Each structure stands twice: as C-alpha cells, then as structure tokens.
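A.B. asks: Shown below is the structure under consideration.
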Amino acid sequence: MKQTKNMNPGHQEIVMSGIRPTGFLHIGNYFGALKNYIKMQDEYECFFMIADLHSLTTHPDTKDLKPNVHRVVSEHIACGLDPEKVALYCQSHVPQTAELYLYLNMLAYKGELEKTPTFKDKVRLQPENVNAGLLTYPVLQAADIILHRAVAVPVGKDQEQHLEMARNFVKRFNHRYGEVFPEPQAFNFANALVKVPSLDGKGKMSKSENQLATIYLSDDDDLIRKKIKKAKTDSGPTEQNAPKPDYIENIFNLMKLVSSEEVVANFESAYRDCTIRYGDLKKQLGEDMVQFVRPIREKAEAIRQDEKYLKEVLAMGAEKAVKSAAATMKIVREVMGLNYFPEK
Ligand code: TRP
C-alpha cells in the first residue's frame, strides 16, 4: 500500500469507503470499485458504507430511499462482498457520524468549502436548492472516514479533492486537540484505476446519466444486448494496423473486462488486417456481457426480496461500525475537553 501510515500496529490497516444510494450500480462501479473491495476484504479491516445521509443533499424526497439502500446492499453482496468479513452498513445507522461532523464543521471554512469543485457543480445543477448540507458535504465525508480512523480510502479520481480536504480537517483537529486521527489516503489495489467508458464514447458510465450507454447490474439480458448493439461504430478500418478511434477502443476495452483473452486476441487481429466485422464484435461482447451480468443480477434480485436477511445484514454492519465509532468518539470528546458528560 502506498503512502499510508499504520496507526494500528499489529492489526490490519483500516479501509473505509462509501457510495451514495442514488441511481443504479453499473459495470463501471463493479470494475472501478467493487472488485477492489472484494479483494480488500481478506486483507484489511473494511468499513463499506451506504451514504444515505449524503444523498439528502441532492435527493430530499426520501420515498425511494429504503428500496434504494436495499438494492445497493444487495448488489454489493451479489458481487461478492461478504457482510461477515466487512462492516457493510448504512451511514444513518451510525449516529456518531453526526456528532463528529458537527465538531469538524467548526474546523472547516466557508471559503474552502465554497471553492470545492463538486460544490460548484451542484450549485450549477440545482440552483434552487443550494443547502448548507451541500456546502459541508466534504465535512460529512471526512467524518465518515476518520470516525473509524481509516487510513486507506478506495475511491475514484473524482473524490481526490474530498480526501485532500479530509486530510486538512485531520491536520487542524490534531493540531488543535491532539494526535487522534491518521491522514486518510486514496488507495487502490491495481494503482491504475479502471475507467469503464460509456457505450456512446462520451465519458464514463454513470449511475444516473446516459442510461442507454451504461450497462447496469440490474439490466436484463435483452437490454444488455440492445445497448451494446447500439454502441457507436463506423464502416471499419481501411488500412492495416490503423489506430483505433476512441469509440472502437472503448468497445475493445469493455471486451477485455468480460471476454476471454482468446476472443479479444481474435478480434484484435481481425482489426489489424481489416477483416473485422463490427456486428460480430458487438454480438460477441453482448453475449459475454450477458454471461457476466446475469448471475450478479439474479443473485442481487434474490437478496433484495429477502428483507429479513437484509435487515440482519444491516444490523450486523451497524453494530460493527457503531462499536468502532464509539471508541473513536470517546477519545475525541476527551481530547476536546468535552468529557464532562454524566456517565451513562
Ligand atoms: N462522496 C462519495 C461519492 O460521491 C461517497 C462517500 C460518502 C464516500 N462518504 C464517503 C466515499 C467516505 C469515501 C469515503 O462517491
């Protein structure tokens, strides 16, 4: 692991990450995050959180919150995350989060929060609801992470700014009250993050945008085939060993994720000698994608139907997360001089 200090000698390093329960998980989430989580669960002490409180900053209507949380949890388990090995929990089940968020808010400055790129994006996207929760979103995220004194945070590039802010809040806290928190760092197994391109060649797959160009873990077989069939191509290479246009490179990249090496090699060579037929390429990718997604979808669906099991999983996750959070908050209150609460 790079650039992390182990604050927990003799123990496993602590990994923490979160995902908002907005939109549907897609194969970009799988290859960019979930696959990493699954490898980490055997080597680290892992806290994986569904950020339901964060979702209130953009989705104040909570009617779909519970089914969305259940779906995301089901999908995580269906992908191979083991709720016995990790703490898989919901943010709102850990009330200590709100307490630490409050203390950290006193160490976060309006100016730095206002210039955060994600905040500026949201102001553009929802000018009618620029709430204080949106402004302090990175403070809440820092609280999520340092509540477990986590050192390693598996996240994509878009979260790097939030992590840098978390390190700043940690430095200020430690400087003012005493060394309680390690500085969290972005962490990924493969170092180079897998970016899964969208099928229209415009950017990455997305949880809520360009849905026809994104393969969701909940898509049925025909929808997957249909989406891949629609992926942008052209009339094919006209000279040998021609470079691939972006949108063709994207199709090959997707294929590398779900097809066998032999299949990929065959199409690569057909591309090089200009005998490739994009219809065949997409047909093959469609079938291999269906084979990949189907077992995950079916398993997730079965778990989603089992509300009793989901409740047990979330209760178990909350118990682990609350235990870790309570231990941290005891220290926090002490160093902050907030240790005159009546003993309970
Ligand atoms: N902000 C993250 C995202 O949008 C989600 C998140 C919330 C998170 N709390 C976190 C990520 C703590 C890592 C650690 O993807």
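A.B. asks: Two-decimal Rg/Rh of the chain from alpha-carbon positions, Kirkwood Rh? Don't jump to the answer; show the numbers that get you there.
C.D. replies: Working: Rg = 22.1 Å, Rh = 21.8 Å.
Taking Rg over the Kirkwood Rh, I get 1.02.
A.B. asks: Which lysines have a Cα less than 22 Å from the Cα of residue 323, not counting those fewer than 8 places away in the same chain?
C.D. replies: Partners found: 85, 311, 344.
A.B. asks: Just 187, 252, 24 to compare: in a GNM of the chain, with alpha carbon springs under 10 Å, which one fluctuates most?
C.D. replies: Ranking 187, 252, 24 by mean-square fluctuation puts 252 first.
A.B. asks: So what are region 107-149's ellipsoid semi-axes, whole angstrom, largest first, if each one is the square root of 5 times an eigenvalue of the alpha-carbon gyration tensor?
C.D. replies: Values for region 107-149, descending: 21, 11, 8 Å.
A.B. asks: Can you give me the C-alpha center-to-center distance between region 64-130 and region 227-246, rounded to a whole angstrom?
C.D. replies: Region 64-130 and region 227-246 have Cα centres separated by 39 Å.
A.B. asks: Here's a follow-up. Along the principal axes of its C-alpha atoms, what lengths does region 219-300 span, in descending order and rounded to whole Å?
C.D. replies: 45, 24, 18
A.B. asks: Residue farthest toward the positive end of the dipole of the chain, with Cβ of Lys/Arg at +1 and Asp/Glu at -1: which of 123, 291, 196?
C.D. replies: Most positive-ward Cα: 123.
A.B. asks: Using the crude model of +1 on Lys and Arg Cβ and -1 on Asp and Glu Cβ, and no other charge, please compute the dipole size for the chain relative to its Cα centre, in debye to 20. Write out the running numbers ahead of the final one.
C.D. replies: Numbers: 47 positive and 46 negative charges, 128 e Å.
The dipole of the chain has a size of about 620 debye.
A.B. asks: Same structure again: Among the aspartates and glutamates, which fall within straight-line cross-link reach of residue 39, defined as a Cα-Cα distance under 19 Å, with same-chain neighbours fewer than 8 residues apart omitted?
C.D. replies: 13, 75, 82, 84
A.B. asks: Below 8 Å between Cα atoms, with a sequence gap of 6+, how large is the relative contact order for the chain in percent? Display every interim value, and only then the final one.
C.D. replies: Details: 475 pairs, mean separation 85.2, N = 344.
Relative contact order comes out at 25 percent.
A.B. asks: What value, in deg cm²/dmol to 500, does the helix sum -39500 (n - 2.57) over DSSP H runs of n ≥ 4 give at 222 nm once divided by the residues of the chain?
C.D. replies: Working: 14 runs with 172 residues, N = 344.
It comes out at -15500 deg cm²/dmol, rounded to the nearest 500.
A.B. asks: Straight-line reach from residue 195: which lysines fall under 17 Å, measuring Cα to Cα and dropping same-chain residues less than 8 apart?
C.D. replies: Candidates past the 8-residue exclusion: 35, 157, 204, 207, 256.
A.B. asks: Find which of 182, 156, 24 sits farthest along the positive direction of the dipole of the chain, computed with +1 on the beta-carbon of Lys and Arg, -1 on that of Asp and Glu, about the Cα centre.
C.D. replies: It is 182, whose Cα lies furthest towards the positive end.
Throughout, read-outs are computed from the coordinates displayed, never taken from laboratory work. Just so you know, these numbers come straight off a predicted model, no measurement behind them. Heads up, the Cβs are rebuilt from the backbone with ideal geometry, glycines too, and the neighbour counts pull from every protein chain shown.
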